[in-house]
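Shown next, in structure tokens, is the structure this report addresses.
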């Protein structure tokens, strides 16, 4: 009866009755019928002797492998292997795993993986971790050729941006400074759903190679001539709307630094896909396929306090659970969502 306690009481079945000795895998003569607990076509016999599979075995496997509604603790173990396998915390094992991931990270040229690596205190420290053989800047032709399909569609996290953009246009705003707007992705995609005022002007600030690609694209796709490009941040001085969708994290200066350098503050701020941490500010490195770039994550309190000190009041805030920043070996610095904000100058 040594192992009989380990199995719950189950219905007896004369078809599957086994003797107390011989090939029965359950010492003590435990007998079970699992037919009511198993899915159709599920193998009902043990590989050892053709005996029945107890329902508890399948239930445990089902909970562990297939249950999407598992408890939070188990989900955390899935996303953080070191919690489930303490052996990975051993120094030599950890070093081997990190070295293996580093090789994979820098060798990947996939545009779909969106990998992250490391936690660094400064932009320079993150950039210095990138080997010289890899691009560490967005200023290259391969990056400039990306995202043309996004000029023809919007995503779920674009709708709050379009809502507030239309409200600002209704209040008299006519100039938009699109910080890191690539070839004018938002300008092209939003005009399918919004009415742009006749006097509206949209200026994109990006790196030189992207600006050149944007100008070439605009020749064929912007007959109204509202779109222009610059690589100078101070051109944002005095605009009605400073617009930044997924670009603040690539800058070597903060949004507050940029605003303080301007002679005249923008009236409104529209910010989307901002990586915000509840406690810390830090940098990681993102492999976007065409380059491995330093990537800023800002502490929530620091981010909001900086803008409040400049006189901005928050009008709205939303979450984007479809974006995440998972940094292997650094679960405390990983993000499971990004944020969007609308601000207006109050004084």
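The table that follows gives values for the structure above.
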item	result
Residues (closer than 18 Å to residue 269 by Cα and either outside the structural domain of residue 248 (by TED's automatic domain parsing) or in a loop (DSSP other than H, G, I, E, B) (or both)) located in region 197-208	200, 206
Residue within region 247-260 that is part of a strand (DSSP E or B) and in contact (Cβ under 8 Å) with a residue 12 or more places away in the chain present	no
Residue within region 209-220 that is assigned to a loop (DSSP other than H, G, I, E, B), out of contact with any strand residue (DSSP E or B) (no Cβ under 9 Å at 6 or more places or on another chain), closer than 22 Å to residue 152 by Cα and at pLDDT below 95 present	no
Residues within region 229-242 that are over 16 Å from residue 173 (Cβ atoms) and surrounded by fewer than 18 Cβ atoms within 10 Å (Cβ to Cβ), tallied	6
Filtered residues of region 123-165 (kept if under 22 Å from residue 242 (Cα atoms) and within 19 Å of the chain's Cα centre (by Cα))	138, 147, 150, 154, 155, 156, 157, 158, 159, 160, 161
Residues of region 136-161 that turn out to be assigned to a helix (DSSP H, G or I) and more than 17 Å from residue 274 (Cβ to Cβ), as a count	9
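A quick yes/no check of all residues on (1) assigned to a strand (DSSP E or B); (2) free of Cβ contacts under 8 Å to residues at least 12 places away in the same chain; (3) more than 15 Å from the chain's Cα centre (by Cα):
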| position | (1), (2), (3) |
| --- | --- |
| 262 | no, no, yes |
| 296 | yes, no, no |
| 306 | no, no, yes |
| 328 | no, no, no |
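Results for (1) buried (at least 17 other Cβ atoms within 10 Å of the Cβ); (2) touching a residue at least 60 places away in the same chain (Cβ under 8 Å), shown as yes or no for each residue.
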{"position": "176", "(1), (2)": "yes, yes"}
{"position": "179", "(1), (2)": "yes, yes"}
{"position": "203", "(1), (2)": "yes, no"}
{"position": "215", "(1), (2)": "no, no"}
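The values are calculated or read from the model by the stated rules, or taken from the named source; none is laboratory data. Bear in mind the structure is a predicted one, so any value in this text is a computation, not a measurement. We place every Cβ from the backbone using ideal geometry, glycine too, and count neighbours over all the protein chains shown.
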